[in-house]
Amino acid sequence: MQLLRSGPSPFVRKVLVTLHETGQYDEIEHVDVASTPLAPDSKLIAANPVGKIPALIRSDGPAIYDSRVICRFLDARANAGLYPEHRIWDTLTLEATADGILDAAVLMVYETRFRPEEKVMMEWVEGQWGKVSRALDALNTRWMSHLNGRMDMGHIAVACALGYLDLRHDARSWRTGRDGLAAWFESFSKRDSMVATKPEA
């Protein structure tokens, strides 16, 4: 199998952490593609017509995407239990919350990176941050008991989302007023899978 990846994508990092945690990292060929929203890589489009990373090319079936589908596939392949049936809806909701943070945070980057400066709409950027901030508050107030429990895919997704905020939006100081979430992330970030996949700017 081949994993199509690009740069410090937090969605790719979710898959990489999952590969490490399930002992499958060395079983996958990692293929870097040069892709942007304006110029998606041709190999990536062949695997995922939407043109987003990551995509997983399989030998016994069509390519699968996005990160949530890939992580669920890898978990099932390894029988790792990252989507425990007894709390599946909590786990999936937590993963969706983390992915929502990432969607908004990535769009903030795209707004200033791919638009001409005179067309950047800062009100829209702040609207995206509002989504991030509300989700972070929810994690800090509603989800800490889950995050402090046995690791599942929700933990991985949240950790990758917080790591991306450190990478691209550090000036926003997401930890302020969220001591529980910040302490959890500091501890989770020490896992070998997180250390091995920490992105560079």
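The values are calculated or read from the model by the stated rules, or taken from the named source; none is laboratory data. Please read all numbers here as calculations on a predicted model, not as lab measurements. Backbone-built Cβ (ideal geometry, glycine too); neighbour counts: all protein chains shown. Quick note on the areas: whole protein, heavy atoms, side chains included, nothing else; ligands and nucleic acids left out. Shrake-Rupley method; radii C 1.70, N 1.55, O 1.52, S 1.80 Å.
Every residue, every condition in (1) out of contact with any Lys or Arg (no Cβ under 9 Å at 6 or more places or on another chain); (2) in contact (Cβ under 8 Å) with a residue 12 or more places away in the chain; (3) open to solvent by 10 Å² or more (accessible area, probe 1.4 Å), yes or no:
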residue: 6; (1), (2), (3): yes, yes, yes
residue: 13; (1), (2), (3): no, yes, yes
residue: 17; (1), (2), (3): no, yes, no
residue: 22; (1), (2), (3): no, yes, yes
residue: 29; (1), (2), (3): yes, yes, yes
residue: 39; (1), (2), (3): yes, no, yes
residue: 44; (1), (2), (3): no, yes, no
For this session: Pairs only if they're at least six apart or on different chains, beta carbon under 9 angstrom, first in the stretch 54-82 and farther than 17 Å from residue 13 by Cα, second aromatic (Phe, Trp, Tyr); list them, first residue then second.
Result: 58/73; 76/83
Exercise. Going through the stretch 52-83 one residue at a time, which ones are surrounded by fewer than 16 Cβ atoms within 10 Å (Cβ to Cβ) and either touching a helix residue (DSSP H, G or I) at 6+ places or on another chain (Cβ under 7 Å) or in a loop (DSSP other than H, G, I, E, B) (or both)?
Worked result: 58, 59, 60, 61, 62, 79, 81
For this session: Working only within the stretch 163-191, note down all residues that are part of a loop (DSSP other than H, G, I, E, B) and either free of Cβ contacts under 8 Å to residues at least 24 places away in the same chain or open to solvent by 40 Å² or more (accessible area, probe 1.4 Å) (or both).
Result: 173, 175, 176, 177, 190, 191
Exercise. Among the residues of the stretch 84-132 satisfying the criterion of being within 22 Å of residue 67 (Cβ to Cβ) and among the acidic types (Asp, Glu), which is surrounded by the most Cβ atoms within 10 Å (Cβ to Cβ)?
Worked result: 95
Problem set entry | Residue count for the stretch 1-49, restricted to those that are out of contact with any Phe, Trp or Tyr (no Cβ under 9 Å at 6 or more places or on another chain), assigned to a loop (DSSP other than H, G, I, E, B) and aliphatic (A, V, I, L, M) | 5
Problem set entry | Complete set of residues in the stretch 134-162 that are open to solvent by 10 Å² or more (accessible area, probe 1.4 Å), outside any loop (DSSP other than H, G, I, E, B) and small (Gly, Ala, Ser) | 135, 138, 145
Exercise. Can you name every residue in the stretch 104-126 that is without any contact (Cβ under 8 Å) to a residue 12 or more places away in the chain, of a type in the set (D, E, K, R) and in a helix (DSSP H, G or I)?
Worked result: 113, 117, 118, 119, 123, 126
